[in-house]
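Reading through the structure tokens given below for one structure.
Throughout, read-outs are computed from the coordinates displayed, never taken from laboratory work. Note that this is a predicted model, so its numbers are computed, not measured. A quick note on method: Cβ atoms are made from the backbone with ideal geometry, for glycine too, and the neighbour counts reach across all protein chains shown.
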Amino acid sequence: MNFLSTLFIGIISAALVNNVVLSRFLGLCPFLGVSRKTSTALGMGTAVIAVITLSSAITYVIDHLILRDRLVYLRTIIFILIIAALVQTVEIILKKKIPSLYKALGVYLPLITTNCAVLGVAIDSAQKNYSFAETMIYSVGTAVGFLIAIVLMSGIRERIENNDIPESFKGMPIVLVTAGLMAIAFFGFKGTIA
Amino acid sequence: MLNAILLAAAVIAVISIAIGLLLGFMSEKFKVEVDPRESQIRESLAGSNCGGCGYAGCDAYAHAIVYEGAAMNLCPSSDKKKIGDVMGVCVIEGPKMTAFVKCNGNCHNTRCNYNYGDERDCRIAYSAPGHGAKKCVYGCCGLGTCASVCPYDAIRIVDGLAKIDRTKCQACGKCVSVCPNRLIEIIPDSAPYAVACSSHSKGKDVKAACDTGCIGCSMCARVCESGAITVENNLAKIDYKKCTGCGKCAEKCPCKIITMRNI
């Protein structure tokens with residue numbers, strides 16, 4: 001029971017209260033770039049979940065085996081190397097298995113490498129000395145938070161498309177305003193979990 | 001100290017090699033079969049992803065040629081013979097096109113209303129009073145937005161006027177779409193004469209603003225034997241299909257805006 005409640009609180013905390021996009025402002029590039037259609041947003045969110053989960057598991061192992069004691073300063077570069085390799089792997093697999101999603105994600109797929117949410121999770125959990133279980137809960141929660149944010153955003157954007165928006169707000173400006181309003185809405189979760 | 005450096009290097013080397021092996025293995029295992037024709041055609045295209053063919057990039061165009069039967073002569077700088085060989089057909093070259101700036105108003109010819117010192121971008125200058133500093137509201141702002149988008153480095157700003165290097169221009173049309181004054185037109189490279197002005201103003205206003213502007217006197221239209229020139233809305237226009245290149249219009253033009261390009 002204790003473990004379950006920790007798991008639940010950890011996921012809620014990482015996904016909603018400290019939502020990676022809307023309250024920590026990491027990973028904004030794909031959040032704005034691939035949220036035009038719900039289907040691609042779902043694909044992007046799933047790809048990010050896969051990459052974040054795998055990368056934090058691998059970085060945890062490498063960090064504890066090699067880096068932690070003597071080579072802490074190599075964290076950033078090695079984490080980036082691992083993330084880049086994982087993204088490349090995901091890209092190779094997607095290209096073979098789901099070509100339509102591969103095309104829809106386009107340039108944003110390799111750009112997951114530079115999605116700072118991924119590196120942010122890996123470095124954050126290394127710096128906070130999380131245990132393996134905590135790291136996994138934290139990373140899955142964060143990734144789910146990214147998925148929630150990007151899917152919500154794409155749903156709103158699909159509706160915005162058909163609305164009568166003032167000329168100067170068309171395109172990116174109204175999306176940024178929307179993102180700001182969503183961030184304010186997510187601010188409502190603050191304080192629910194200590 | 002040295003040990004620490006060596007250790008760091010060794011760690012990174014080992015991890016990089018492991019990653020390299022993993023990626024090599026994965027790309028072999030999940031290999032996607034590509035039609036060899038597609039990559040051969042991709043190689044003979046320009047490779048600058050300019051989008052002049054109407055497709056998203058060179059990859060998309062190569063794909064369209066192989067699978068969607070797209071026309072094969074859309075890329076001006078491609079090796080058309082090779083594309084023809086790959087696809088097993090004979091590709092006929094379309095007429096070579098070039099971008100042409102329909103303005104002659106450089107710093108010496110055109111007077112200015114004021115000094116423009118704001119953002120160096122024609123699209124912003126265009127929203128300033130009088131569409132930029134030059135007295136002619138139709139003229140080239142001369143801030144080089146066209147030059148900055150040209151993927152072939154074919155546009156230079158000389159004396160406050162965009163000049164196109166015809167040997168480099170591939171007629172992709174990027175400049176056409178960014179010019180706020182719509183001054184650039186894609187015309188046949190072989191066109192003998194072209195009108196280097198876009199002003200629809202009345203003759204008197206044109207004279208006040210610019211030494212080389214079309215005043216709409218219709219002299220060229222009257223002297224043209226093949227009926228290729230029409231004057232509409234105070235501006236001469238050449239129909240390149242009818243133009244024979246006799247050059248009488250350029251001789252007669254009092255403002256010298258019909259410029260010789262070939263012959």
Here the whole-number average of other chain Cβ atoms within 10 Å per Cβ of A:83-91 is 3
Taking other Cβ within 10 Å of each residue's Cβ, how do A:3, A:186 sort, fewest first? A:3, A:186
Answer rounded, prolate or oblate for the protein assembly as shown, using the Cα gyration tensor with square roots of eigenvalues a ≥ b ≥ c: rounded when a/c is under 1.5, else prolate when a/b is larger than b/c, else oblate. prolate
Cα-centre dipole for the stretch B:53-168 with unit charges at Cβ (Lys and Arg positive, Asp and Glu negative), debye to 20: 540
The stretch B:233-251 and the stretch B:146-168: distance between their alpha carbon centers, rounded to Å: 25
What is the percent of Cα-Cα separations in chain A that go past 24 Å? 42
The stretch A:104-157 to the stretch B:88-137: how many Å between their Cα centroids? 46
Rounded if a/c is under 1.5, else prolate if a/b beats b/c, else oblate: with a ≥ b ≥ c from the C-alpha gyration tensor eigenvalues square-rooted, which is the stretch B:1-76? prolate
How would the stretch B:152-263 be classified by its alpha-carbon gyration tensor: rounded, prolate or oblate, with rounded meaning a/c under 1.5 and the a/b versus b/c comparison settling the rest? oblate
Measuring from label point to label point, each 7 Å out along Cα→Cβ, what is the residue A:165 to residue B:82 span in nm? 4.3
Could you name the lysines whose alpha carbon sits less than 29 Å from that of residue B:81, not counting residues in the same chain fewer than 8 places away? B:96, B:168, B:174, B:241
Determine, from the Cβ-Cβ distance of residue B:186 and residue B:159 and an R0 of 30 Å, the FRET efficiency 1/(1 + (r/R0)^6), rounded to the nearest 0.05. 0.80
Over all viewing directions the Cα convex hull of the stretch A:132-194 casts an average projected area in nm² of 5.3
With each run of n ≥ 4 DSSP H residues scored as -39500 (n - 2.57), what mean residue ellipticity at 222 nm is computed for chain A after dividing by its residue count and rounding to the nearest 500 deg cm²/dmol? -22500 deg cm²/dmol
Could you compute the FRET efficiency for residue B:120 and residue B:12, with r as their C-beta to C-beta distance and R0 at 45 Å, rounded to 0.05? 0.55
Please list, in chain and number order, the residues 5+ apart from residue B:229 or on another chain whose amide H is under 5 Å from its amide H, with Hs placed from the backbone. B:239
For chain B, what does -39500 (n - 2.57) per DSSP helix run (n ≥ 4), summed and divided by total residues, give at 222 nm, in deg cm²/dmol to the nearest 500? -9000 deg cm²/dmol
One finds the C-alpha centres of the stretch A:1-69 and the stretch B:1-80 to be spaced, in Å, by 29
Calculate, for residue B:204 and residue B:241, the FRET efficiency according to 1/(1 + (r/R0)^6) with r their C-beta to C-beta distance and R0 45 Å; round to the nearest 0.05. 0.85
